[in-house]
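A.B. asks: Can you keep this structure in mind? I'll have questions shortly.
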Amino acid sequence: MLQKFIDNTFYYLFVFTLILGVVFYDALGFNFVDELCAIALCGLYAYYVFHTPNWSVNKLFMITLGVFLFYLVYSFAIKCNTKAAILSDFIIQLKPYLAFFTVYAFKPALNQQMKKNIQLLAIVFSFYLLVVGIISLFNIEVLHVLLTHQSRLATAATIMALLYLYCSDYTLKDKLVFLLLLAVGLLSGRSKMYGFFVLTMFIVFYINAKFELKFNIRNITVFFIATIAIIAVAWTKIHFYFIEGAGVGEERGELDYYARAALYYFSIDIFRDYFPFGSGFATYGTFASGEYYSHIYNDFGMDIMQGLTERDPRFIADTYYPALAQFGVVGVLLFFAFWIVQTKNVLHLYTRECMKEFVIGILIIFFFLIECTSDATITHNRGLFLMMLLALVIVDMQRNVLNRVRQDETNSYIK
């Protein structure tokens, strides 16, 4: 009964977050949906823990909470910003990990009817995004009203495509439909989306029934070719953003480039000057550090750069990796340790029966690692939703492996 309640409640929360926290988040202006979702997940997790015989607590989740609480106390101790700013950034930075670990801990399972409903929603909302994307080619203001920015079209389309694939039977037809849904994101014109689309095509078609998860020449060669193809497809905008700094067709132009480059450049100084734990919450490269303007920008002379000023902080949270300077070298190691652990989980759980889940898990991990170069999606509403999906995929893989072991044991006993 407990697991059935968890499954049903999670399903409704999942659909609620998809509709109001992904598709219509910007259009309706419900900027608190991701916070509500995080609170609901914590409530559901608490209900699960208190209704298990031994109060089952996920140790890695507790360690993660401990790390964030340490940085909270550290930030208060060094008085890096106002208390309101520190608390605000603490909540924002913690949300994606809350989403992942709570779902991973209470291990929900979606039945076939639930998956069928979600798949239908993914198709309907992909059509909506397609219409918005096509109209935006002629009138960009429509996209700004409904999705705020082109990057939101790319991430929303990615989520719809991954949801469709997750709820599918993973046939050739399903793979082709998945790629068509993902292609809607190409209308955003984002270089990351171009690269991710090429990467996805390689992974979806290369990892098939004949695929072997081994470190061999064949796999290395294919990976190398895929990397070259990704760079070739996205080269124009990679060159614009990270090398030249000027170009045509980007809405925010050179200002966006210079603000992002400055955030990367000065993060090195912050890592050095605030070794080893960083400058603290709400000090650098985050929404809270702009909303409650951080002294760091004044200290390093960044307060005169357009988009990074106290009156116009719109580009401060325009990327994520530089924001890790808030947590210092230790924080960087912990951040990548999290992704290494999840990658190892997905690789370790790989079986032919889990091929679909394996592909989706790898794609989500690559998505975040790429997205963090020039967007803070991981801390936003869509990042929270993808972290929920990643946890759901890993839980499914664990369940499939466990079922296979039990089946093998049963067959062995019968023999």
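The values are calculated or read from the model by the stated rules, or taken from the named source; none is laboratory data. Remember, predicted model here, so these are calculated numbers, not experimental data. So basically every Cβ, Gly included, is an ideal-geometry build from the backbone, and we count neighbours across all protein chains shown.
A.B. asks: For the stretch 358-372, what are the residues that are free of Cβ contacts under 8 Å to residues at least 60 places away in the same chain and either assigned to a helix (DSSP H, G or I) or among the aliphatic types (A, V, I, L, M) (or both)?
C.D. replies: Scanning the stretch 358-372 gives Gly361, Ile365, Phe368, Leu369.
A.B. asks: Of all residues in the stretch 105-135, which are surrounded by 15 or more Cβ atoms within 10 Å (Cβ to Cβ), of a type in the set (Phe, Trp, Tyr) and at pLDDT 95 or above?
C.D. replies: Matches in the stretch 105-135: Phe125, Tyr128.
A.B. asks: For the list (1) closer than 25 Å to Phe106 by Cβ; (2) of a type outside the set (Val, Ile, Thr); (3) in contact (Cβ under 8 Å) with a residue 24 or more places away in the chain; (4) outside any helix (DSSP H, G or I), I need the number of the one condition that Ala38 fails.
C.D. replies: Only one criterion in (1) closer than 25 Å to Phe106 by Cβ; (2) of a type outside the set (Val, Ile, Thr); (3) in contact (Cβ under 8 Å) with a residue 24 or more places away in the chain; (4) outside any helix (DSSP H, G or I) is unmet by Ala38, namely (4).
A.B. asks: Here's another thing I want to ask about it. Does the stretch 66-83 contain any residue that is small (Gly, Ala, Ser), modelled with pLDDT of 95 or more and surrounded by 18 or more Cβ atoms within 10 Å (Cβ to Cβ)?
C.D. replies: The answer is yes, given that some residue of the stretch 66-83 is small (Gly, Ala, Ser), modelled with pLDDT of 95 or more and surrounded by 18 or more Cβ atoms within 10 Å (Cβ to Cβ).
A.B. asks: Still on this structure, please answer the following. Can you tell me which of (1) among the small types (Gly, Ala, Ser); (2) out of contact with any helix residue (DSSP H, G or I) (no Cβ under 6 Å at 6 or more places or on another chain); (3) touching a residue at least 40 places away in the same chain (Cβ under 8 Å) is the one Ala85 doesn't meet?
C.D. replies: (2)
A.B. asks: Shifting gears a bit: Just checking, does the stretch 127-146 include any residue being closer than 20 Å to Cys372 by Cβ and without any contact (Cβ under 8 Å) to a residue 60 or more places away in the chain?
C.D. replies: no
A.B. asks: In addition: Restricting attention to the stretch 136-180, and to residues there that are of a type in the set (D, E, K, R) and within 17 Å of Ser126 (Cβ to Cβ), which single residue is surrounded by the fewest Cβ atoms within 10 Å (Cβ to Cβ)?
C.D. replies: The selected residue is Lys173.
A.B. asks: Anything in the stretch 181-191 that is surrounded by fewer than 22 Cβ atoms within 10 Å (Cβ to Cβ) and outside any helix (DSSP H, G or I)? List them, or say none.
C.D. replies: The answer is Gly189, and nothing else.
A.B. asks: Return only the number of the condition from (1) in a loop (DSSP other than H, G, I, E, B); (2) more than 21 Å from Ile19 (Cβ to Cβ); (3) touching a Lys or Arg at 6+ places or on another chain (Cβ under 8 Å) that Tyr194 does not satisfy.
C.D. replies: (1)
A.B. asks: Which of the residues belonging to the stretch 146-174 are within 23 Å of the chain's Cα centre (by Cα), part of a loop (DSSP other than H, G, I, E, B) and at pLDDT 90 or above?
C.D. replies: Within the stretch 146-174, Cys167, Ser168, Tyr170 qualify.
A.B. asks: Output the number of the condition that Ser279 fails; it satisfies all remaining conditions of (1) assigned to a helix (DSSP H, G or I); (2) more than 28 Å from Leu147 (Cα to Cα); (3) not basic (Lys, Arg).
C.D. replies: (1)
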